[in-house]
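These notes concern the structure reproduced below.
No lab work stands behind these numbers, since they all come straight from the coordinates. The model shown is predicted, which means the values in this text are computed figures rather than measured ones. Neighbour counts run over all protein chains shown; Cβ positions are idealised from the backbone, glycine included.
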Amino acid sequence: MSVSVGIDRIGFYTPGLYLDMAELATARGEDPNKYLIGIGQSQQAVIPPTQDVVTMAANAASQILTAETKQEVAMVLFGTESGIDNSKATAVYLAHLLDLPSNTRAIELKQACYGATAGLQLAADYVRVHPTAKVLVIGADVARYGLRTPGEVTQGGGAVAMLVTADPQILALAPTSSYHTEDVMDFWRPTYRTEALVDGKYSTNVYLDFFKTVWADYQQQTQQTIADFDAFVFHLPFTKMGRKGLRQILPEARPEQQVTLKAAFEASQEDNRHVGNLYTGSLYLSFLSLLRHGQMNAGQRIGFFSYGSGAEGEFFSGILQNDFQKGFDETALSTLLANRRRVTVSEYEAIYRAQLSNDARDVQLAVGEESARYYLAGRQNQQRQYRIK
Ligand code: COA
């Protein structure tokens, strides 16, 4: 008998600062509605130098791990394109900060915004073979395009942590998925750069083409149609992108189903609209947003479209489980988002420029405003100094 495998718990962390997109639009000489409606972003997480992908992942993972489950984590798969070292994996730092047992595998996965999906699928395959194992999957990034660039409105950052197990509480993954890879130069970041190079318009077109391809292939493999789905969640570099994806397939649905799919999309973009781009965590923040804000029921099928520039796309699906509401900490999430402090455009610009320098100097960061449990205190002898409150 085959084992049911999927997402048992999901956690999310984003730092305690945000920028208002109407204010940014005004500062950049744009109509606020271009950002609020045209791009579909209301707020953007601002990442202080005291948070990086390791600390954000630790803050997200600590929401879903107990002392007991930590002992059962067989593997940590850390998806990121904002790595802090070309050799040592962020997963090793994370395993240490979380005090995971030493008989854990810890690796980093990179393919732009697709890394966490690779982690999820590899984790699921591992658990299918080792049903008592738990795998911690991370999607964490800092989305940086640069001040006064067209991509600036699509920045953001944060981390999603998922525990993949047998008999999951939240979502049982269907074993079939459809994926597609092509060597495309739509977005990339050579090792000497901290900001991505991007052909924005081209990347939105490649995203939509890849979605068309993997959706058609998935339907052919499974003989399912849009009528078999109750919601679709998308990689959301900005919320308009997923809206365009949904519009592409909506005519395949009956009119009454179109209404429910559109309502589910509105729920799934709510948190992303207030946090911005998480790169590889975005699809999973959107999934969490659907669970938090949507009218979903156990037994419903959700379709997932993952896209990582460069480029790789994947479509897969899962069935919501009876206890899905118990798989995330609603109080912690709503408190996290409600307690963020709004920064002005000039404060944001100063924080943007204050990121840890790209050299070997010792640095001691101002940690006074840092309220997170895990944070970065600076760099000494070319080593990042992580701290736990
Ligand atoms: N009110 C409402 N909508 C408005 C508007 C206004 N006053 N002014 C413009 N818009 C709309 C445009 O019509 C357009 O909508 P559409 O895409 O449905 O046609 C949208 O706002 C964006 O305007 P556009 O002129 O295309 O924006 P831009 O040239 O600044 O670039 C991106 C937008 C997304 C390409 C740019 O932000 C970017 O490069 N982002 C990073 C790359 C990325 O995220 N890629 C995604 C794939 S992973």
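Side notes on the structure shown:
- Neighbour net charge for Asp8 - beta-carbon separation under 12 angstrom, K R +1, D E -1: 0
- Fraction of beta bridges assigned by DSSP in the chain that are antiparallel (%, nearest 5): 70
- Take each peptide in 72-80, 372-380, count the other Cβ atoms within 10 Å of every residue, and average; sorted highest first, the result is 72-80, 372-380.
- Taking Cβ atoms as reference points and 10 Å as the exclusive limit, the residues near Leu197 contribute a net charge of -1, counting Lys and Arg as +1 and Asp and Glu as -1.
- Cα-Cα P(r), segment 15-82, percent of pairs per 5 Å interval: 3, 13, 16, 15, 12, 14, 11, 7, 5, 4, 1
- Relative packing of peptides 140-150, 52-62, 20-30 - highest average C-beta neighbours within 10 Å first: 52-62, 140-150, 20-30
- The local environment of Val76, defined by Cβ-Cβ distances under 13 Å, has a net charge of 0 under the rule Lys, Arg +1 and Asp, Glu -1.
- Between segment 165-198 and segment 1-29, the C-alpha centres lie 16 angstrom from each other.
- Estimated from helices alone, the mean residue ellipticity of the chain at 222 nm is -10000 deg cm²/dmol (sum of -39500 (n - 2.57) over DSSP H runs with n ≥ 4, per residue).
- Separation of segment 298-351 from segment 251-268 is 20 Å, based on Cα centroids.
- Translational diffusion coefficient (Stokes-Einstein; Kirkwood radius from C-alpha pairs) of the chain at 10 °C, 1.306 mPa s, in µm²/s: 76
- Out-of-range pairs (alpha-carbon distance over 26 Å; input Lys70/Lys326; Lys34/Lys201; Lys88/Lys201; Lys34/Lys244; Lys212/Lys326; Lys88/Lys389): Lys88/Lys201; Lys212/Lys326
- The share of Cα pairs per 5 Å bin across segment 173-321, counted from zero up to the longest distance, runs 2, 10, 19, 23, 21, 14, 7, 3, 1, 0, 0 percent.
- Near the amide H of Ala174, within less than 5 Å, lie the amide hydrogens of Ser317, Gly318, Ile319, all on another chain or at least 5 residues away, with H placed in the peptide plane.
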